[in-house]
Amino acid sequence: MPVPCARCDMPLPKWELARGNHAVCTSCGSENEVRVFPAIMQLAAGPAHSEAAIEGEAACFDHPMKRAVASCRQCGRFVCAVCSVEFGGEVWCPSCVAAGAGQAREAKLETSRMLWDSIVLTLPLASLLMWPFTIGTAPAAVVLAITKRKQPLSLVRRSRWRFVAGAILGAVETAAWGFGIAYLISRAS
């Protein structure tokens with residue numbers, strides 16, 4: 001059964017799957033995180049062979065006649081060579097992998113990010129609608145652009161032009177407030 005690429009749905013090459021948890025698609029070049037059962041790598045010539053369990057040895061939870069080679073990191077069930085799934089240096093049983101029990105523990109997958117570049121650009125632009133607020137939002141945009149410029153951007157590809165545009169716009173608005181206040185002070189004296 002071929003494993004499809006997450007981006008283009010083309011089958012990933014078997015030699016890439018055999019290397020470990022990551023496979024690079026030969027069609028689109030994207031890197032895929034792959035979790036496959038070891039049995040998928042077996043040749044189609046015959047079933048995977050595992051030694052029979054001798055009396056007194058631990059047996060596989062799903063295959064009671066086969067000798068266990070490891071225990072599941074999540075639930076502790078014994079698994080044979082066919083059932084053991086290695087991921088992140090740990091062994092999991094098929095039930096825990098199917099239930100997704102290890103996802104929360106093993107690696108907190110990032111599903112969203114704060115888009116600081118969009119915030120930096122939106123602050124001075126949105127505050128122009130109610131211009132008195134630019135006295136606070138313009139310097140805030142400049143400070144955010146400086147402090148958050150090295151933060152990771154979106155989960156999808158983006159450039160950093162929003163940081164530059166927001167910082168320039170914020171600096172111009174801050175300078176305009178500075179000149180305006182200086183002008184009012186000079187007129188008053």
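The values are calculated or read from the model by the stated rules, or taken from the named source; none is laboratory data. Everything quoted here is computed from the prediction, not taken from an experiment. Ideal geometry is used to build each Cβ from the backbone, glycine not excepted, and the neighbour counts take in all protein chains shown.
Things worth noting here:
- Checking residue 47 against (1) at pLDDT 55 or above; (2) more than 21 Å from the chain's Cα centre (by Cα), the condition it does not meet: (1)
- The number of residues in the stretch 61-90 that are assigned to a strand (DSSP E or B), surrounded by 18 or more Cβ atoms within 10 Å (Cβ to Cβ) and either under 22 Å from the mean Cα position of the chain (by Cα) or not small (Gly, Ala, Ser) (or both) comes to 5.
- Selection of the stretch 151-167 for residues being part of a loop (DSSP other than H, G, I, E, B) and surrounded by 15 or more Cβ atoms within 10 Å (Cβ to Cβ) yields only 153.
- Matching option when the condition is surrounded by 17 or more Cβ atoms within 10 Å (Cβ to Cβ) and at pLDDT 90 or above, among 178, 170, 136, 102: 170
- Cβ-Cβ contacts under 7 Å between residues 6 or more apart (or on different chains), taken from a first residue in the stretch 1-29 that is closer than 23 Å to residue 88 by Cα and surrounded by 12 or more Cβ atoms within 10 Å (Cβ to Cβ) to a second residue that is aromatic (Phe, Trp, Tyr) and at pLDDT 70 or above, are listed as 21/87.
- Contacts under 7 angstrom Cβ, first residue in the stretch 73-101 being touching a residue at least 24 places away in the same chain (Cβ under 8 Å), partner aromatic (Phe, Trp, Tyr) and surrounded by 19 or more Cβ atoms within 10 Å (Cβ to Cβ), 6 or more apart: 73/92; 74/92; 85/92; 93/61
- Any hit, the stretch 140-150, residues being out of contact with any Asp or Glu (no Cβ under 9 Å at 6 or more places or on another chain), among the hydroxyl-bearing types (Ser, Thr, Tyr) and either outside any helix (DSSP H, G or I) or in contact (Cβ under 8 Å) with a residue 60 or more places away in the chain (or both): no
- Test result for residue 142, closer than 17 Å to residue 115 by Cβ and either in the same structural domain as residue 7 (by TED's automatic domain parsing) or of a type in the set (Val, Ile, Thr) (or both): no
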